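Structure record follows, encoded as structure tokens.
Any read-out appearing in this document is the output of simple, stated calculations on the displayed coordinates, not a laboratory observation. Everything numeric in this text was worked out from a predicted model, so none of it was measured. Cβ sites come from the backbone with ideal geometry, for glycine too, and all protein chains shown count toward neighbours.
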Amino acid sequence: MLLALALPAVASAHGGDRDRGHGHRGARACRAVSNGHVPRGLTAAQAQALATACTTRANALAAARTAFNTGTASALATYRAAATPLVTQVRTAERAKRTACRADRASQACADARTALRTTIATVRPQLRAARAAYRAAVAPALQTYRTAVRAAQAAFRTSVDQALGRS
């Protein structure tokens, strides 16, 4: 349960799937062109322009991802430094409870271990939440920049594909 509190930091660090081009209308065409399959009805010049647009898009997305990872590395390291000992405390309390309750779930030692685990979780939860909030606040500007760069790369890709295919 408590480990789930640490997951949002990892998710925001990666920007989520929507920023990676999965499911985007151009992703399938780029994958086909990179595998050597030219979409039906395209001339060689159009296929080359599509390949160039795909390469440019991939490079722009990679550059945005690299800039995000570089810009947020210190915030992620700070978050991990704060969260790791707290998660370790909870894991230790969970192991102690499991060990104490393994022999007899009705024993006093098991009841004490459960109480200690609840106390540990109650103590650690606000600290983890504060660390997560600090991480998100530190990452927010870089995440906004990343998403703006992704949108710009996608828009440039759409424009270049539309020009290559003769659409207006």
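A few points about this structure:
- The ellipsoid equivalent to the alpha-carbon distribution of region 34-168 has semi-axes of 54, 19, 11 angstrom, derived from the gyration tensor eigenvalues as √(5λ) and listed largest first.
- Size estimate for region 105-168 follows the Kirkwood approach: the inverse of mean 1/r over distinct Cα pairs works out to 16.5 Å.
- Net charge contributed by nearby residues that have their C-beta within less than 12 Å of Gln89 (K/R +1, D/E -1): +2
- Global form of region 28-108, assessed from the alpha-carbon gyration tensor, a/c cut-off 1.5: oblate
- The residues packed around Ala164, meaning those with a beta-carbon under 14 Å from its beta-carbon, carry a net charge of +2 if Lys and Arg are +1 and Asp and Glu are -1.
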